[in-house]
1. For A:D186, are the conditions met, namely being farther than 22 Å from A:L306 by Cβ, surrounded by fewer than 20 Cβ atoms within 10 Å (Cβ to Cβ) and not assigned by TED's automatic domain parsing to the domain that holds A:G33?
2. Answer yes or no as to whether A:G318 is touching a Leu at 6+ places or on another chain (Cβ under 6 Å) and part of a loop (DSSP other than H, G, I, E, B).
3. Which residues, counting only those in the range A:170-184, are more than 17 Å from B:D293 (Cβ to Cβ) and either touching a Phe, Trp or Tyr at 6+ places or on another chain (Cβ under 9 Å) or at pLDDT below 95 (or both)?
4. Please name all residue pairs, on different chains or six or more residues apart, with Cβ atoms under 8 Å, provided the first residue is in the range A:93-114 and is free of Cβ contacts under 8 Å to residues at least 60 places away in the same chain and the second residue is among the hydrophobic types (A, V, I, L, M, F, W, C) and in a helix (DSSP H, G or I).
5. Quick test for you: out of A:D159, A:D218, A:D197, A:D229, pick the one residue that is over 22 Å from A:T50 (Cα atoms) and of a type in the set (D, E, K, R).
6. Looking at the structure I just gave you, is A:P319 surrounded by fewer than 18 Cβ atoms within 10 Å (Cβ to Cβ) and free of Cβ contacts under 8 Å to residues at least 12 places away in the same chain?
7. Might you check whether a residue that is in contact (Cβ under 8 Å) with a residue 40 or more places away in the chain and in contact with a Pro (Cβ under 9 Å, 6 or more places away or on another chain) occurs anywhere in the range B:298-311?
8. Please enumerate the residues belonging to the range A:62-76 that are more than 16 Å from A:P320 (Cβ to Cβ) and in contact with a helix residue (DSSP H, G or I) (Cβ under 7 Å, 6 or more places away or on another chain).
2 protein chains.
Amino acid sequence: MAVSTDGAFERDTDYITDRIVDDPNADWPVEPGRYRLAAAAACPWANRTTIVRRLLGLEDAISLAFAGPTHDERSWQFDLDPGGVDPVLGIERIQDAYLKRFPDYPKGITVPAIVDIPSGVVVTNDFAQITLDFSTEWTAHHRAGAPELYPDHLRDEIDEVAESIYHDVNNGVYRTGFSSRQGAYDEAYQVLFDRLDWLEERLTAQRYLVGDTITEADVRLFTTLVRFDAVYHNHFKCNRNKISEMPALWGYLRDLFQTPGFGDTVNFEQAKEHYYVVHKPINPTQVIPLGPDLRGLASPHGREALGGRPFGDGTPPGPPREREAFGHLSDGRP
Amino acid sequence: MAVSTDGAFERDTDYITDRIVDDPNADWPVEPGRYRLAAAAACPWANRTTIVRRLLGLEDAISLAFAGPTHDERSWQFDLDPGGVDPVLGIERIQDAYLKRFPDYPKGITVPAIVDIPSGVVVTNDFAQITLDFSTEWTAHHRAGAPELYPDHLRDEIDEVAESIYHDVNNGVYRTGFSSRQGAYDEAYQVLFDRLDWLEERLTAQRYLVGDTITEADVRLFTTLVRFDAVYHNHFKCNRNKISEMPALWGYLRDLFQTPGFGDTVNFEQAKEHYYVVHKPINPTQVIPLGPDLRGLASPHGREALGGRPFGDGTPPGPPREREAFGHLSDGRP
């Protein structure tokens, strides 16, 4: 991440773009048990991968390393694990796997990242490609009943919607919150809420973003929407209104939250702790707000009336593994 | 203001407690035209005095000096006036009137403050007493139809309710927002929302806080409530919910906001600018949020159904003087 000299936030998007593909002769071939996904429950970009992994039933094929919510300038650390060490990779911080591959790695140490377990090196941190490859390259290891999140005939539309959502919403909340100049903030805020208004209209008449089933586009919007009222509304000054004040988006968010594979991957405590503690430059006291009351996420959403088949011809995933089971809804009290 | 060593906010309440009284032999006798009220539209404590002055029709008896929303460590300044000088007092900052009276004045330079125009010295900044004296000492100069805001038979109840509101709500939002330690924040937040829950219940069945007419207690609650969603919810981390999410308090707030003498004294732009710019230690970028959409304050509240007589046997005040006319409701767009 970086802030440009004119006070606008600009994300460093220079990722490691290696891919794990369904080709035994590739540098990184699909191979169950070989790779470990490093994620953090706090992070919306990592949350995409934990959702898709669960929806597709890739838990046994790709194991999961969970970093804790806070960290210093050395980036995400495995301080939730006994001894502060990931039990499979044997490292304290995800940067260790980056530096093992590139000793002078000059860019952001980010999650999600996929690590090659035998060599201990990072293969990729290209978050936008990781979930697409889960859908398209790992098909041989999908569970029975896995949904098609990136079906051929909808890819153009998914890509187009996802691009707008990336710029205006996923990254838009960061552009809004990390602006250090009023004009840059005003511009990012306007772009963000214009896009939310556009989404509100689109989702008034249809249950999901593209087609009549859950797709990659919904996963991408969800991870920002679910953190919006809990974090971005306050911390990033995205405060024209809460998502709970936009009827279609609020119904859509609750619908997805209550769908197996979505809400059960979300940990609000860790998300709040991450943003409010790590972003000391915009929250110098590092005090974490107790609110909001999040229980409304469990309330009836009525979106079934719009039709749609959440998993298409597939089925919902089973319950989450114990360690990944989240979704607690605070009432906003200490 | 001060922050104690354990990270809790403690307000300096050591005010200048002189009073202006209805006694020609007093040090400071009631005398129309002699005193100037120094206020700032941003400040909730000063807003009490501008509301009561308008409700009672004291505009001609007590003139008004309006400080701008932002200031440095020298406190409130008259930078909205031509040349940055109050045209009556001839000073740039309210501190000039404090220092004229006490050259080594060691305490907070606050508004509201009342200045004796002939001598140019501050008489009092005891905000809690100022509005009560407007009601009880300046009666000879009230307008025809002025309401009784502090009637004899309700004083005990008004005092009791106001004391709880002061500690838990008026000052409670500051205690919440200025906590630099999680435990102090948690405690203040809980006290605040417990009191808001108590008020929500009290105001579900009755239109006003005490009796069936507007009293001093309502004025005191209003100035914090009206700034809550616009400022405190985000800036002070008072984010269990917005006031607009508490049906009785939201109806009560809209009812008062739409009552002549209340909403027309409120300037949201100045309030937001004040908090977000002056409190640099908790908002280092000094970026001012564009939200929230405040237009709901003008929506029908339905509180008439609870009965009550807003002004008792009196009447509403006429329209505000031009310079004091505020109440613009932003839609949260740039």
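The values are calculated or read from the model by the stated rules, or taken from the named source; none is laboratory data. All of these numbers come straight from a predicted model, not from anything done at the bench. Every residue, glycine among them, receives a Cβ derived from its backbone with ideal geometry; neighbour counts consider all protein chains shown.
1. Values: farther than 22 Å from A:L306 by Cβ: yes; surrounded by fewer than 20 Cβ atoms within 10 Å (Cβ to Cβ): yes; not assigned by TED's automatic domain parsing to the domain that holds A:G33: yes.
Answer is yes for this residue.
2. Values: touching a Leu at 6+ places or on another chain (Cβ under 6 Å): no; part of a loop (DSSP other than H, G, I, E, B): yes.
No.
3. So the first thing to find is which residues in the range A:170-184 are more than 17 Å from B:D293 (Cβ to Cβ), and the list is A:170-175, A:177-184.
A:N170, A:N171, A:G172, A:V173, A:Y174, A:R175, A:G177, A:F178, A:S179, A:S180, A:A184 - these are the residues of the range A:170-184 that are more than 17 Å from B:D293 (Cβ to Cβ) and either touching a Phe, Trp or Tyr at 6+ places or on another chain (Cβ under 9 Å) or at pLDDT below 95 (or both).
4. Qualifying pairs under 8 Å: A:Y105/A:L99; A:I109/A:I94.
5. On the way: A:D159 fails: over 22 Å from A:T50 (Cα atoms); A:D218 fails: over 22 Å from A:T50 (Cα atoms); A:D229 fails: over 22 Å from A:T50 (Cα atoms).
Only one candidate passes the filter, namely A:D197.
6. no
7. Checked against the condition, which is being in contact (Cβ under 8 Å) with a residue 40 or more places away in the chain and in contact with a Pro (Cβ under 9 Å, 6 or more places away or on another chain), the range B:298-311 yields at least one hit.
8. Within the range A:62-76, A:A67, A:P69, A:T70, A:H71, A:R74, A:S75, A:W76 meet the criteria.
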